[in-house]
Ligand code: 13P
């Protein structure tokens, strides 16, 4: 982290877990455990049907509501989809795009990820753009080549005034839901590499100001070491975000709770 230049973001990704009726008990349990922090933005990304509930329950606990996906279209005959305008209308501040599960199970292409990020930015919503390599790519030493491609494709046509609004999440596919976390050195190496790509595309200031998160089996135990890396500005957390005590411990690991 480098709190002088960029925001720390701890974002939970609930994926397809938790019922609407479980939000209030979750927040009631989480709220007293959360450290008072001014610099760490705490976000919970929930299924679209639970956005309203999270907005209502999260407000007092200072938890921002995020969504997990958005349509690449503005409006119209796209049964089942949710537009960026619909999310913005409710007050959603963040939305994940290009999560590896969507890329794998719904054939979400880099072109679609780019379109979705642009739709969100048009509505003032921060896209949390996910990138990450497979185990095969890592073993073939293709990690940075793959990530370089994913970042450039996702940000294609997004101008410098809007890059400030974006958050990048580095999520190695082999670390997601496997309990196999990237080492702090691996996370730092790739997050630093991503910042270098942003520097190349947009210049030094935007690169210094953009928040780059790590995701993949981040938990209460390993969070502090990962977050201590200079280019790891936060976390995108799956499993551990479903447990209030674990999620609060990760927020505390940003160091703010120890003041
Ligand atoms: P886990 O923390 O469960 O590995 O999930 C990470 C993730 O995919 C967050 O988007």
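The values are calculated or read from the model by the stated rules, or taken from the named source; none is laboratory data. In this text, all values refer to a predicted model and were calculated from it rather than measured experimentally. Don't worry about glycine lacking a Cβ; one is built from the backbone with ideal geometry, like all the others, and counts go over all protein chains shown.
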Counting only residues that are at pLDDT 95 or above and either away from the ligand (no atom under 16 Å from the Cβ) or part of a loop (DSSP other than H, G, I, E, B) (or both), region 166-180 contains a total of 3
Inside region 227-259, can you point out the residues that are in a loop (DSSP other than H, G, I, E, B), within 15 Å of the ligand (Cβ to nearest atom) and within 16 Å of the chain's Cα centre (by Cα)? 232, 238
Counting just the residues of region 238-253 that are closer than 24 Å to residue 129 by Cβ and touching a helix residue (DSSP H, G or I) at 6+ places or on another chain (Cβ under 6 Å), which one comes out surrounded by the fewest Cβ atoms within 10 Å (Cβ to Cβ)? 240
Could you list, in sequence order, the residues of region 1-46 that are without any contact (Cβ under 8 Å) to a residue 12 or more places away in the chain and closer than 30 Å to residue 208 by Cβ? 4
Does region 17-25 contain any residue that is under 23 Å from residue 168 (Cβ atoms) and not in a helix (DSSP H, G or I)? no
How many residues are in a loop (DSSP other than H, G, I, E, B) and near the ligand (Cβ under 9 Å from one of its atoms) when one looks only at region 181-226? 5
For residue 196, all conditions in the list (1) touching a helix residue (DSSP H, G or I) at 6+ places or on another chain (Cβ under 8 Å); (2) over 18 Å from residue 150 (Cα atoms) hold save one; what is the number of the exception? (2)
Helices (runs of 4 or more DSSP H) within region 87-153 that include 3 or more residues free of Cβ contacts under 8 Å to residues at least 40 places away in the same chain: 100-105, 135-139
